[in-house]
1. Excluding same-chain residues fewer than 8 positions from residue 43, which aspartates and glutamates have a Cα within less than 13 Å of its Cα?
2. Contact order normalised by length for the chain, with contacts defined as Cα pairs under 8 Å and 6 or more residues apart; what percent is it?
3. Using only the Cα atoms of segment 77-125, what are the Rg and Dmax in Å?
4. So how strong a dipole does the chain carry about its Cα centre when Lys and Arg Cβ are +1 and Asp and Glu Cβ are -1, to the nearest 20 debye?
5. To the nearest 10 degrees, how steep is helix 194-203 against the longest Cα principal axis of the chain, on a 0 to 90 scale?
6. Which is farthest toward the positive dipole end of the chain among 136, 15, 28, measuring Cα position about the Cα centre, with Cβ charges +1 (Lys, Arg) and -1 (Asp, Glu)?
7. Go through 55/243; 175/243; 44/257; 120/177 and tell me which ones have a Cα-Cα distance over 24 Å in this structure.
8. Distance between the C-alpha centers of segment 80-137 and segment 204-267? Whole Å please.
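Derivation of every value follows stated rules applied to the coordinates shown; laboratory data play no part. Given the structure is predicted, the values throughout are model-derived calculations rather than measurements. With ideal geometry, Cβ positions are generated from the backbone for all residues, glycine too; neighbour counts draw on all protein chains shown.
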Amino acid sequence: MKPSSTPQTAAARLQKISPLRPTLAIVLGSGFHHALTELRVAKKIAYAKIPGFPKPTVSGHAGELFFSHLGRTPVLVLSGRAHFYEGHDMERVTFAVRTLAAFGITNLLLTNAAGGINKKFHAGDFMVVTDHINFMGANPLRGPALPGLMRFVDLTDTYAAGLRRLLRRAAAVEKLKIRSGVYLAVSGPSYETPAEIRAFARLGADAVGMSTVPEAMVARQCGLNVAAVSCITNLAAGRSREKLSHAEVLATAERVKITGATLIRNFAELYGENHRPQRTRR
Ligand code: HPA
């Protein structure tokens, strides 16, 4: 990263692209990219053109940012993210979130693919994240104290109750049964062993994945309200007779893509109804 590439310079670049000033941003992970078909796009920009943004290398992660509307709600949509397992350091992995905060985003929805640990879960389920366990072996807030930001961040209410309620309502509109549970993040890129999954179950995890937690933590440091939803693309290691593969993750994501997209659209619409822009007082 060039020394000049700060979240503030990246945000200033974004502010020049479009006059649209959404307060909601959505990061699309595997299982949710079909939401792009629901967008009314005003402007889009490749990550490569935003200073400091990393280029995603995983198939199914495009690396584009959209100024758009979902229904009537203005929203910044990020298609693709940088993962820790790609070799990026935590600063890079969370650069986009700091940029969103500097841009003026106040609410962030993170989406991901995850393996189901909870025995009640099936491949193709969706899960509202209620809390997380950081098993990545790194903390994205480690490093020099940042001016104006908290050093010791409280993660008690990382996933905002109000936004979680909107996710459940977004599912209810479609009569979709949505799960809720604890997301445990590993660094990857290997999948887990069955013994690890049994251990994670005992620790209280319902699903396991390789993203989201660093972004959620940095977002909380920046004062954003956060929500996260997982697409359970497979049963975690040892939970079924199947072998684990990225192909299975992508196949399930493809099978439930319409549901994932609808969930996101409904969420954005409900968000718009609940967060109308403040009228300036006379
Ligand atoms: N483990 C970790 N990450 C994942 C999985 C899994 O089983 N499925 C999708 N992302």
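1. Filter leaves 64.
2. On the way: 579 pairs, mean separation 75.4, N = 282.
With pairs under 8 Å counted, the relative contact order is 27 percent.
3. Answer for segment 77-125, Rg first and Dmax second: 14.3, 41 Å.
4. On the way: 37 positive and 19 negative charges, 189 e Å.
With only Lys, Arg, Asp and Glu charged at Cβ, the dipole is about 900 debye.
5. Roughly 60 degrees, rounded to the nearest 10.
6. Highest projection toward the positive end goes to 15.
7. Check vs 24 Å cut-off fails for 55/243; 175/243.
8. 8
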